[in-house]
Every structure is written in structure tokens, then in C-alpha cells.
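Visitor: Here's a structure for you.
All of the numbers you see were taken from the coordinates with simple rules; none came from a lab. Just so it is clear, the model here is predicted, and its values are computed rather than measured. Counting neighbours? That spans all protein chains shown, and the Cβs are built from the backbone with ideal geometry, glycine included.
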Amino acid sequence: MVVDTGANVPIIRKDLAQNSKLSIIWTPTCVSLQTVTGDKIQVHGKANVTLRFGNIDYHHTAYIADITDPCILELDFLKNNNFKLDFENSNMHSKFEDITLFGLQSQFESKQKIIAKTKLSLSPRTECIIPGLVAENRKF
């Protein structure tokens with residue numbers, strides 16, 4: 001599962017939705033979503049899903065599409081269910097438990113400072129690829 005704070009809608013991979021007992025509402029083939037890279041992916045339908053974290057079930061409506069990851073959760077799901085992201089410790093906190101993100105934390109121990117080439121302000125809920133350089137001084 002991917003937690004994507006820039007995503008506008010939750011998505012479930014088509015084969016997982018078809019192999020489950022979800023009641024899928026199929027959509028016309030002209031419905032698509034735009035990815036962060038600008039590519040378009042076809043939406044096959046949507047379904048009411050139950051996501052379980054620990055012993056707690058969360059109900060949400062998700063779109064069905066051909067994606068690589070099993071599921072993409074968006075910011076609204078996290079906000080509506082009072083999840084908090086802790087990037088420093090690679091955790092997602094709920095009222096009931098902590099969930100480890102990124103698998104083993106040792107995979108991400110190398111920290112590097114990235115410097116943007118230009119000053120830029122982003123409006124909320126927007127995405128942008130910003131050119132940058134790895135800083136010479138790697139301590140920050």
C-alpha cells in the first residue's frame with residue numbers, strides 16, 4: 001500500500017478488486033485519472049472498501065484502476081480518520097496504534113539535503129517537479 005499525500009482519490013488495483021468480494025460499480029471507459037507524471041490511467045469503477053489497520057476497520061470509497069501498487073491512500077482518508085504521519089520515525093499514528101511505513105527503517109538512513117535551483121511557492125493540493133541539487137555539505 002502507498003500513502004500518497006498528494007493523491008486526490010484512493011485507488012485499488014483492478015485485479016485485487018476483481019478477486020475480492022467487492023461490489024464494484026463499473027464506469028464508462030472514458031473516465032480517467034491523471035498521475036503526477038501527467039499520464040492518464042483508465043478508471044474501471046469504484047467500490048466501497050474496508051481497510052483494516054490492526055483490529056480497526058475503516059470504510060472508504062476507492063476507485064478501481066490499473067496501477068502497480070495494491071492500493072493508494074490519499075490525504076483525505078488520513079485526515080478523516082485522524083491518522084498522523086511521522087516521517088522522522090517512519091510511522092503512521094492512529095488513535096489505536098502505530099503503523100510502520102516504508103518497511104525497515106534502515107533502508108532510509110542515508111539523509112541528503114536537496115537544494116532547489118529557484119525559489120518557489122506552491123499552493124495547497126498542487127504538485128510540481130522542482131529541479132534541485134544534492135548539497136555538498138551532507139550534514140544539515
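Visitor: Can you check what the Kirkwood hydrodynamic radius comes to for the stretch 30-70, Cα pairs only, in Å to one decimal?
Guide: 11.8 Å
Visitor: What is the chain's relative contact order, in percent, from Cα pairs under 8 angstrom and six or more apart in sequence?
Guide: 23 percent
Visitor: Still on this structure, I have one more. Based on DSSP H runs of at least 4 residues, each adding -39500 (n - 2.57), what is the mean residue ellipticity at 222 nm of the chain after dividing by all its residues, to the nearest 500 deg cm²/dmol?
Guide: -2000 deg cm²/dmol
Visitor: One quarter of the convex hull surface, Cα atoms only: what value does that give for the stretch 44-106 in nm²?
Guide: 5.0 nm²
Visitor: Give me the three principal axis extents of the stretch 1-123 from the C-alpha atoms, as integers in angstrom, largest value leading.
Guide: Sorted from largest, the Cα extents of the stretch 1-123 read 44, 40, 26 Å.
Visitor: To the nearest 20 debye, what is the magnitude of the charge dipole of the stretch 19-86 about its Cα centre, counting +1 on the Cβ of each Lys and Arg and -1 on the Cβ of each Asp and Glu?
Guide: About 200 debye.
Visitor: If packing is taken as the mean number of other Cβ atoms within 10 Å per residue, what is the order of 15-27, 37-49, highest first?
Guide: 37-49, 15-27
Visitor: Using 7 Å Cα-to-Cβ label points, what is the D15/N82 separation (nm, one decimal)?
Guide: Distance between the two pseudo-spin positions: 3.8 nm.
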